[in-house]
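Asks: Structure below; questions to follow.
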Amino acid sequence: MIKKLLAFPLILFFFIVSIFFYLLIIERNPSDLPSALIDKKNT
Amino acid sequence: MFFTLVFSIFFLNEAYSVDPEEFLQNSKLELRARNITKNIRCLVCQNQSIDESSAPLAKDLRLLIREKVEEGHPDSEIYKFLEERYGEFILLKPSFNMSNFALWILPFLFLFFGIYVIFLHNKKSKNF
Amino acid sequence: MIATLGNFSIWLSLLFAFTQFVSSLQKNNKKIIKFNTIAAIGLLLFSMLSFLCLIYSYIVSDFSVSNVFQNSHTTKPLIYKISAVWGNHEGSMLLWILVLAIFNFFIFKLYNKINFSFVTNSLKIQAFVTLGFLFFTLLTSNPFEKIFPVPENGLGFNPILQDPALAIHPPLLYIGYVGFSAAFSFSVAILLGKDKKLENNILLFDCMRPFVLAAWTFLTIGIAFGSIWAYYELGWGGWWFWDPVENASFMPWLLGTALVHSLIAVKKKKILQKWVLLLAILSFLLSVIGTFLVRSGILTSVHAFALDPSRGIYILAFIAIIGTYSLTLFFLNSKKFSDKKYVTFLSREGSILINNIIMIIVCASVFLGTVYPLIIESFTGNKISVGEPYYNSIVVPIMIPALIVMGVGPLLSWNDINFTKLLKNSFPNFIFVFINTTFFVWIFGSFNIFGLIGIILFSWILSNIIFTLISNYSLIKSLKALNKNKIPKITNSMLIAHVGVALLILGVTASSVWQKEKIIRMKTGESIKINNYQVVFKELNEIKGENYFALQGKFLVYDKKKLLITELNPENRIYPITNNSTTEAAIHTNLKRDLYIVLGDGNSDKGRVIRIYYNPLVIWIWIGALLIFMGGLISMKNNYNPSKNSI
């Protein structure tokens with residue numbers, strides 16, 4: 001049980017890093033509006 | 001002369017956030033409306049609420065919200081309306097739904113887990 | 001010429017860092033020390049030289065250097081030419097490396113004689129971290145990159161950053177972030193150590209203390225300067241906005257707080273070693289992850305640096321390497337640091353444990369809020385926002401128990417104490433808290449649940465410190481205390497820092513709960529009343545500053561008796577070089593309140609939009625932060641050399 005708990009930070013770390021990595025390699029601009037909103041902007 | 005020129009060029013289109021003319025007459029309703037605008041994200045800005053933003057779109061939204069408040073819609077309805085029209089992105093306080101479940105629940109799970117850890121230590125100490 | 005020298009110095013620093021990294025390959029211990037001596041000193045000298053070269057290039061406005069061209073301008077005041085060095089990404093990396101080298105040097109200098117293999121390992125890890133940042137700087141963000149043809153003048157520099165508080169904010173913050181690298185290196189070196197004897201390891205944990213204290217202390221004051229800047233520059237009367245950049249500095253601070261306190265428990269009770277190892281690793285990882293979040297452009301923030309994906313990939317790869325290595329090591333080797341001792345609630349160590357856990361929970365929640373939109377986006381493609389209202393509703397309630405426990409902490413001794421006795425001892429506290437709270441609520445004349453909680457917490461922490469002081473004094477005086485262990489020992493540093501936290505809570509509570517705001521349209525000559533003050537809009541002038549033009553309002557503030565209190569001059573500035581405009585709030589501060597005026601838009605016919613804030617007790621936030629900083633400094637001085645303390 002304790003042994004498993006010790007691995008928890010490592011697993012969490014992998015999860016977070018892989019998400020960051022995924023977001024870096026895909027084409028995206030964080031300040032872009034979500035596409036669904038753009039045409040509604042001026043209504 | 002030079003001064004006036006500089007000022008007329010640069011300060012002409014300045015606009016700063018919420019305007020006194022936008023305020024509602026009824027102070028109770030105004031308080032409610034103001035509170036809502038503080039929880040709504042300005043879509044074209046980086047990380048601001050529409051209350052703080054000087055963007056024209058933010059102004060439109062402020063007016064829209066005040067109109068809705070004056071018409072007598074409750075807060076929840078206004079948030080829902082905005083969410084349906086502009087998407088979840090507009091809410092600075094994410095709503096409690098399936099995908100945001102973890103966001104709202106996890107901190108409290110952390111808390112319970114923390115309390116559990118403390119009790120674990122404490123219980124053992126009595127047996128020790 | 002100077003720029004070439006600077007560039008060359010970075011390469012030389014790289015060479016020295018590499019020497020230090022491989023020095024342990026030497027067979028002979030004496031040779032290793034010799035290599036490390038050369039490496040640590042060389043690294044320090046050449047990283048400093050390259051930094052000075054960049055400063056020089058800024059001072060003489062050498063626009064053949066691309067970085068200077070991008071971020072400086074001949075019309076800029078000298079002080080902001082210098083602060084521009086670290087006001088941009090490339091230059092700040094050079095500062096980051098310099099601070100790394102300074103800490104590296106101190107690790108070497110302080111502990112070289114204590115424990116050979118431990119220090120060698122620490123220096124090796126530190127060298128690896130330094131190498132990582134050196135390569136990063138050289139490959140992706142070299143500040144000495146040339147530009148040709150040489151431009152006539154620079155592109156200027158964001159005027160919002162031309163500010164004294166923001167000029168010293170980054171160096172202070174970097175001492176904080178980078179200081180945790182030392183804790184990280186020590187933690188990994190301890191995990192690598194082969195010595196199983198607990199006593200020997202405790203001494204190693206003690207080595208961490210001055211570095212952790214330095215990091216945490218400077219991070220505290222660095223964050224405070226950032227907040228002060230946000231307070232008067234952003235013009236919202238607020239000072240904390242839960243922006244990702246702020247969160248990036250707040251998260252290591254929270255873990256640092258836990259770390260500082262756990263290290264005391266390690267020393268006094270030989271418990272929590274495993275906690276400390278993990279906290280030290282995580283606080284550095286979070287510092288670097290924070291840097292990554294801000295600089296990779298992965299999320300939106302008010303103060304985001306320029307976007308460049310290749311930088312993001314590099315830092316992330318670096319994070320992945322050091323994170324995987326250290327956390328795997330923790331997973332494999334930390335078991336031997338388990339302690340068989342347990343902790344009771346009603347003891348100093350119990351209160352430290354509880355506070356630790358809450359700090360970690362708060363940190364985890366802030367982290368969750370910061371990265372949650374990213375997680376959602378990568379899984380569903382939806383964008384969501386997590387803003388101020390979320391953090392306020394999550395962090396505040398979780399913090400409250402921590403602050404209650406913090407209040408009672410000093411009252412407790414290192415061993416457990418009888419509950420009824422504690423209750424009896426705290427009786428005068430309850431009275432003090434009651435009186436004090438009633439007094440403040442009466443002063444502000446309105447009831448608010450958060451205000452009430454804040455004031456109670458403030459009084460609670462303060463009263464516990466006061467009464468502990470009194471009882472300690474009388475105990476020692478009466479000579480009844482034959483057993484000195486029974487007296488809960490409180491150090492000056494703790495006393496000052498905790499009073500600082502109490503005052504911080506007071507300021508935060510009062511300024512957020514009892515803030516008054518007026519937004520109106522005013523013509524010159526008109527006046528408005530805000531909380532017993534009469535504010536008269538006297539005139540509006542056009543003025544010319546060193547590198548800007550401004551509209552400046554002249555406001556006269558009168559009190560109830562019609563006496564002139566002050567003249568306030570808020571400005572709207574325009575910087576023609578970069579075509580930036582800023583609003584400069586005018587603030588009148590005293591111990592009771594801030595009066596805060598911002599000039600808005602409008603014209604002479606309709607009048608101008610004026611925002612006036614009455615912010616009670618704001619100054620106590622800064623005084624509180626300063627006291628925490630001083631407490632940290634005193635503690636640093638007292639724990640400067642652990643080998644001396646322990647022997």
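Asks: Among the residues of segment C:20-51, which ones are free of Cβ contacts under 8 Å to residues at least 60 places away in the same chain and out of contact with any Ser or Thr (no Cβ under 9 Å at 6 or more places or on another chain)?
Replies: Of everything in segment C:20-51, those that are free of Cβ contacts under 8 Å to residues at least 60 places away in the same chain and out of contact with any Ser or Thr (no Cβ under 9 Å at 6 or more places or on another chain) turn out to be C:Val22, C:Leu25, C:Gln26, C:Lys27, C:Asn28, C:Lys30.
Asks: Mind checking whether some residue in segment C:33-51 is open to solvent by less than 10 Å² (accessible area, probe 1.4 Å) and either outside any helix (DSSP H, G or I) or more than 30 Å from C:Ala182 (Cα to Cα) (or both)?
Replies: Within segment C:33-51, the subset open to solvent by less than 10 Å² (accessible area, probe 1.4 Å) is C:36, C:39-40, C:42-43, C:47, C:50.
After this cut, where a residue has to be either outside any helix (DSSP H, G or I) or more than 30 Å from C:Ala182 (Cα to Cα) (or both) as well, the list is none.
The answer is no; no qualifying residue exists.
Asks: Right, something else. Go through segment C:362-374 and count every residue that is open to solvent by less than 10 Å² (accessible area, probe 1.4 Å) and within 9 Å of another protein chain (Cβ to nearest Cβ).
Replies: 5
Asks: Those residues that are touching an Asp or Glu at 6+ places or on another chain (Cβ under 8 Å) and open to solvent by 40 Å² or more (accessible area, probe 1.4 Å), I need them from segment C:554-572; list them, please.
Replies: Passing the criteria: C:Lys554, C:Ile565.
Asks: When you go through (1) polar (S, T, N, Q); (2) within 29 Å of C:Asn392 (Cβ to Cβ); (3) in contact with a His (Cβ under 9 Å, 6 or more places away or on another chain) one by one for C:Thr344, which number turns out not to apply?
Replies: Result: C:Thr344 fails condition (2) only.
Asks: Can you give me the number of residues within segment C:278-290 that are open to solvent by 10 Å² or more (accessible area, probe 1.4 Å) and under 30 Å from A:Glu27 (Cβ atoms)? Please lay out each step first, then the result.
Replies: Within segment C:278-290, the subset open to solvent by 10 Å² or more (accessible area, probe 1.4 Å) is C:278, C:282, C:286, C:289.
Those left that are additionally under 30 Å from A:Glu27 (Cβ atoms): C:286, C:289.
Result for segment C:278-290: 2.
Asks: Still on this structure: Taking the condition in contact with a Ser or Thr (Cβ under 6 Å, 6 or more places away or on another chain), in a helix (DSSP H, G or I) and touching a residue at least 40 places away in the same chain (Cβ under 8 Å), does C:Ser511 pass?
Replies: Details: in contact with a Ser or Thr (Cβ under 6 Å, 6 or more places away or on another chain): no; in a helix (DSSP H, G or I): yes; touching a residue at least 40 places away in the same chain (Cβ under 8 Å): yes.
Judged against the criteria, C:Ser511 is not a match.
Asks: Condition (residue is surrounded by fewer than 21 Cβ atoms within 10 Å (Cβ to Cβ) and assigned to a loop (DSSP other than H, G, I, E, B)) applied to segment C:114-133: is it met by at least one residue?
Replies: yes
Asks: I've got another one for you. From the list C:Ser117, C:Ser122, which residue is touching a residue at least 40 places away in the same chain (Cβ under 8 Å) and within 29 Å of the chain's Cα centre (by Cα)?
Replies: Details: C:Ser117 fails: within 29 Å of the chain's Cα centre (by Cα).
Being touching a residue at least 40 places away in the same chain (Cβ under 8 Å) and within 29 Å of the chain's Cα centre (by Cα) holds for just one of C:Ser117, C:Ser122, which is C:Ser122.
Asks: May I pose another question? Only residues that are free of Cβ contacts under 8 Å to residues at least 24 places away in the same chain and part of a helix (DSSP H, G or I): list them for segment C:185-199, please.
Replies: C:Glu199
Asks: Is at least one residue of segment B:50-67 more than 11 Å from every other protein chain (Cβ to nearest Cβ), out of contact with any Asp or Glu (no Cβ under 8 Å at 6 or more places or on another chain) and open to solvent by 10 Å² or more (accessible area, probe 1.4 Å)?
Replies: Checking segment B:50-67: at least one residue is more than 11 Å from every other protein chain (Cβ to nearest Cβ), out of contact with any Asp or Glu (no Cβ under 8 Å at 6 or more places or on another chain) and open to solvent by 10 Å² or more (accessible area, probe 1.4 Å).
Asks: Now for a different question. Restricting attention to segment B:89-99, and to residues there that are under 18 Å from C:Ile398 (Cβ atoms) and free of Cβ contacts under 8 Å to residues at least 24 places away in the same chain, which single residue is nearest to the other protein chains (Cβ to nearest Cβ)? Show your work before the answer.
Replies: First, the residues of segment B:89-99 that are under 18 Å from C:Ile398 (Cβ atoms): B:93-94, B:96.
Next cut, free of Cβ contacts under 8 Å to residues at least 24 places away in the same chain only: B:94, B:96.
Details: B:Pro94: 5, B:Phe96: 11 Å.
Selected residue: B:Pro94.
Asks: Residues of segment C:375-391 being more than 7 Å from chain B (Cβ to nearest Cβ) and surrounded by 20 or more Cβ atoms within 10 Å (Cβ to Cβ), which ones?
Replies: First, pick out the residues of segment C:375-391 that are more than 7 Å from chain B (Cβ to nearest Cβ): C:375, C:377-379, C:381, C:391.
Scanning segment C:375-391 gives C:Glu377, C:Tyr391.
Asks: Of the numbered conditions (1) without any contact (Cβ under 8 Å) to a residue 40 or more places away in the chain; (2) open to solvent by 30 Å² or more (accessible area, probe 1.4 Å), C:His261 fails exactly one; give the number of that condition.
Replies: It is condition (1) that C:His261 fails.
Asks: Limited to segment B:51-90, what total is found for residues that are closer than 18 Å to C:Asn392 by Cβ and either touching a strand residue (DSSP E or B) at 6+ places or on another chain (Cβ under 7 Å) or modelled with pLDDT under 90 (or both)? Give the steps one after another, and end with the answer.
Replies: Just the residues of segment B:51-90 that are closer than 18 Å to C:Asn392 by Cβ, to begin with: B:51-52, B:75, B:79.
Cutting the leftovers down to either touching a strand residue (DSSP E or B) at 6+ places or on another chain (Cβ under 7 Å) or modelled with pLDDT under 90 (or both) gives us B:51-52, B:79.
Of the residues in that region, 3 qualify.
Asks: Of all residues in segment C:358-394, which are closer than 29 Å to C:Trp414 by Cα and touching a residue at least 12 places away in the same chain (Cβ under 8 Å)?
Replies: To start, the set of residues in segment C:358-394 that are closer than 29 Å to C:Trp414 by Cα comprises C:358-364.
Result: C:Ile358, C:Met359, C:Ile360, C:Ile361, C:Val362, C:Cys363.
Asks: Go through segment C:72-94 and give me each residue that's part of a helix (DSSP H, G or I) and open to solvent by less than 30 Å² (accessible area, probe 1.4 Å).
Replies: Initially, segment C:72-94 is screened for residues part of a helix (DSSP H, G or I), giving C:78-83, C:89-94.
Once the filter is applied, which keeps residues that are part of a helix (DSSP H, G or I) and open to solvent by less than 30 Å² (accessible area, probe 1.4 Å), segment C:72-94 yields C:Lys81, C:Ser83, C:His89, C:Gly91, C:Ser92, C:Met93, C:Leu94.
Conditions (1) at pLDDT 95 or above; (2) open to solvent by 10 Å² or more (accessible area, probe 1.4 Å); (3) in contact with a helix residue (DSSP H, G or I) (Cβ under 8 Å, 6 or more places away or on another chain), marked per residue:
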{"site": "C:Phe157", "(1), (2), (3)": "no, yes, yes"}
{"site": "C:Glu199", "(1), (2), (3)": "no, yes, no"}
{"site": "C:Leu219", "(1), (2), (3)": "yes, no, yes"}
{"site": "C:Gly238", "(1), (2), (3)": "no, yes, yes"}
{"site": "C:Leu255", "(1), (2), (3)": "yes, no, yes"}
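Asks: Another question about this same structure. Residue check: is C:Ser326 of a type in the set (S, T, N, Q) and over 22 Å from C:Gly297 (Cα atoms)? Spell out the reasoning first.
Replies: Working: of a type in the set (S, T, N, Q): yes; over 22 Å from C:Gly297 (Cα atoms): yes.
The answer is yes for C:Ser326.
Asks: Could you tell me how many of the residues in segment C:143-168 are touching a residue at least 60 places away in the same chain (Cβ under 8 Å) and outside any helix (DSSP H, G or I)?
Replies: Of the residues in segment C:143-168, 17 are touching a residue at least 60 places away in the same chain (Cβ under 8 Å) and outside any helix (DSSP H, G or I).
Asks: If the Cβ limit is 6 Å and pairs must be 6+ apart or interchain, which residue in segment C:69-90 that is touching a residue at least 12 places away in the same chain (Cβ under 8 Å) pairs with which residue that is buried (at least 21 other Cβ atoms within 10 Å of the Cβ) and among the charged types (D, E, K, R)?
Replies: C:Ser72/C:Lys81
Asks: Take the conditions within 26 Å of the chain's Cα centre (by Cα), polar (S, T, N, Q) and open to solvent by 10 Å² or more (accessible area, probe 1.4 Å) and apply them to C:Asn333. Does it pass? I'd like the intermediate steps shown before the answer.
Replies: Numbers: within 26 Å of the chain's Cα centre (by Cα): no; polar (S, T, N, Q): yes; open to solvent by 10 Å² or more (accessible area, probe 1.4 Å): yes.
Spelling it out, it is not the case that C:Asn333 is within 26 Å of the chain's Cα centre (by Cα), polar (S, T, N, Q) and open to solvent by 10 Å² or more (accessible area, probe 1.4 Å).
Asks: Just give me the residues in segment C:182-197 being open to solvent by 10 Å² or more (accessible area, probe 1.4 Å) and modelled with pLDDT of 90 or more, in sequence order. Before the answer, list the steps.
Replies: Here is the first cut: in segment C:182-197, the residues open to solvent by 10 Å² or more (accessible area, probe 1.4 Å) are C:192-197.
Within segment C:182-197, just C:Leu192 meets the criteria.
Asks: For C:Phe419, indicate whether it is of a type in the set (Phe, Trp, Tyr), open to solvent by 10 Å² or more (accessible area, probe 1.4 Å) and within 30 Å of C:Pro244 (Cβ to Cβ).
Replies: Details: of a type in the set (Phe, Trp, Tyr): yes; open to solvent by 10 Å² or more (accessible area, probe 1.4 Å): yes; within 30 Å of C:Pro244 (Cβ to Cβ): no.
So C:Phe419 does not fit the description; no.
Asks: Starting from segment B:17-46, keep only residues that are under 17 Å from B:Glu70 (Cα atoms), then list their pairs with residues that are aliphatic (A, V, I, L, M) and open to solvent by 20 Å² or more (accessible area, probe 1.4 Å) whose Cβ atoms are within a distance under 8 Å, requiring at least 6 positions of separation or different chains.
Replies: Qualifying pairs under 8 Å: B:Pro20/C:Ile520; B:Glu22/B:Leu63; B:Glu30/B:Leu24; B:Ala33/B:Leu24.
Asks: Scan segment C:519-532 and report the pairs whose first residue is within 14 Å of another protein chain (Cβ to nearest Cβ) and open to solvent by less than 80 Å² (accessible area, probe 1.4 Å) and whose second residue is of a type in the set (Ser, Thr, Tyr) and not in a strand (DSSP E or B), with Cβ atoms within less than 9 Å and a gap of 6+ or a chain change.
Replies: The qualifying pairs are C:Ile519/B:Ser17.
The values are calculated or read from the model by the stated rules, or taken from the named source; none is laboratory data. Only a predicted model underlies this, so the values are computations on that prediction, with no experimental measurement involved. Cβ atoms come from the backbone with ideal geometry, glycine included; neighbour counts cover every protein chain shown. When the accessible area is computed, the model is the full protein with side chains, heavy atoms only, and any ligands, DNA or RNA have been set aside. Shrake-Rupley method; radii C 1.70, N 1.55, O 1.52, S 1.80 Å.
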